[in-house]
Amino acid sequence: MSEVVMKVDPARAKALVSQLKSVKERIAAVANGRPVRLVAVSKLKPANDILALHQSEEAHTHFGENYAQELAQKAELLPRSIQWHFIGGLQSGHCKSLAKVPNLWCVSSIDSLKKAQLLNKHRGEFLASTSGPAAPGSPDSNTGSQNAAKLNVHVQVNTSGEESKSGCSPGADTVALCRAIETECPNLHLLGLMTIGAIARSVATREGAENEDFALLRQQRDLVMRELGIDRELELSMGMSGDFEGAVAMGSSEVRVGSTIFGQRPAKADAKLTV
């Protein structure tokens, strides 16, 4: 795959780097020295913006996309050293194409056994069709994975109970899906749990209240570790542009921040792959 030569506007790059640094500083201010992964959500933003941050002095590597086709297109254009996260609503039809992205680092929205099984199946087929060492951007040593070719996954939990939200119900459903991934999906690595949560609770978090969604996800993580006898620390992926500081304060291992770094997104119909 030959990468397309893209231009990076210096003024745009400077603004993006400044905004990225600001977010990192805000995370560090509440993390108390604990490492927190920042996923820069580049949904509907041009690949040029991603390249600007990846090639800057920050050398940012973790980028998140909500649409499977957009992620695949950007992965074709951009360096393999980028570590992609699929964070959108996962559909069964997405699993095959996503599993074949060599530097897909994590799928953060598994909410059913069927989808886990499809991802596992297609990742296995992809790995069988390739040879040599794992591609750059595969799960690294700090994931706890014993096989660098495994695909990291988060199980999405519907902590708010909203019908409009995807995710497993807390309790037995979440435990059962995590157990199946651990025992039946050898090409997947259970990295942790993810939630999006209710907007009203996000607003309350910004005003200093403890977020009920974040508290429940933390409880679900502890339940899964206890029920499955997992001795590694499962991650919590929670917190976005409006509430990431509150999420970090409540123990989040990963935050997903888009507009605070990239600015407002265009309408999907107006989005451009490159500029």
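Yes or no, residue by residue, for (1) surrounded by 21 or more Cβ atoms within 10 Å (Cβ to Cβ); (2) under 17 Å from residue 253 (Cβ atoms):
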| site | (1), (2) |
| --- | --- |
| 16 | yes, no |
| 27 | yes, yes |
| 34 | no, yes |
| 59 | no, no |
| 87 | yes, yes |
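Residues in region 166-220 that are within 21 Å of residue 256 (Cα to Cα) and of a type in the set (Ser, Thr, Tyr): 166, 195, 202, 205. In region 173-186, the residues that are among the acidic types (Asp, Glu) form Cβ pairs under 9 Å with partners that are in a loop (DSSP other than H, G, I, E, B), at six or more places apart or across chains, as follows: 182/230.
Identify all residues within region 2-21 that are touching a helix residue (DSSP H, G or I) at 6+ places or on another chain (Cβ under 8 Å) and either part of a helix (DSSP H, G or I) or on the phi > 0 side of the Ramachandran plot (or both); write none if there are none. Outline the logic, then answer.
As a first pass, look at region 2-21 and keep what is touching a helix residue (DSSP H, G or I) at 6+ places or on another chain (Cβ under 8 Å): 3-4, 6-9, 12-13, 16-17, 19-20.
12, 13, 16, 17, 19, 20, listed by residue number.
The single condition from (1) under 27 Å from residue 60 (Cβ atoms); (2) modelled with pLDDT under 95; (3) of a type in the set (Val, Ile, Thr) that residue 255 fails is (2). Filter region 39-60 for residues that are within 17 Å of residue 239 (Cβ to Cβ) and out of contact with any Asp or Glu (no Cβ under 8 Å at 6 or more places or on another chain) and give the result. Correct list: 40 only.
Sub-7 Å Cβ pairs linking a first residue in region 56-83 that is closer than 12 Å to residue 104 by Cα and free of Cβ contacts under 8 Å to residues at least 60 places away in the same chain to a second residue that is of a type in the set (Ser, Thr, Tyr) and surrounded by 15 or more Cβ atoms within 10 Å (Cβ to Cβ), at least 6 apart or interchain, are 63/42; 65/42; 81/61; 82/61; 83/61, ordered by first then second residue.
Taking region 36-57 as the range and being surrounded by 20 or more Cβ atoms within 10 Å (Cβ to Cβ) and among the small types (Gly, Ala, Ser) as the test, the residues that pass are 40, 42, 47, 52. The number of residues in region 220-234 being in contact (Cβ under 8 Å) with a residue 12 or more places away in the chain, surrounded by 16 or more Cβ atoms within 10 Å (Cβ to Cβ) and in a helix (DSSP H, G or I) comes to 5. Looking only at residues of region 205-215 that are touching a Gly at 6+ places or on another chain (Cβ under 9 Å), part of a helix (DSSP H, G or I) and not β-branched (Val, Ile, Thr), we find that the one that is nearest to residue 159 (Cα to Cα) is 213. Screening residue 201 on (1) on the phi < 0 side of the Ramachandran plot; (2) surrounded by 19 or more Cβ atoms within 10 Å (Cβ to Cβ); (3) under 20 Å from the mean Cα position of the chain (by Cα) shows it passes everything except condition (3). The residues of region 235-250 that are surrounded by fewer than 22 Cβ atoms within 10 Å (Cβ to Cβ) and within 16 Å of the chain's Cα centre (by Cα), listed by number, are 240, 241. Exactly one residue among 128, 172, 176, 135 is of a type outside the set (D, E, K, R), closer than 22 Å to residue 37 by Cα and either at pLDDT below 95 or surrounded by fewer than 18 Cβ atoms within 10 Å (Cβ to Cβ) (or both), and that residue is 135.
The values are calculated or read from the model by the stated rules, or taken from the named source; none is laboratory data. If you're wondering where the values come from, they're calculated on a predicted model, not measured in any experiment. Cβ atoms come from the backbone with ideal geometry, glycine included; neighbour counts cover every protein chain shown.
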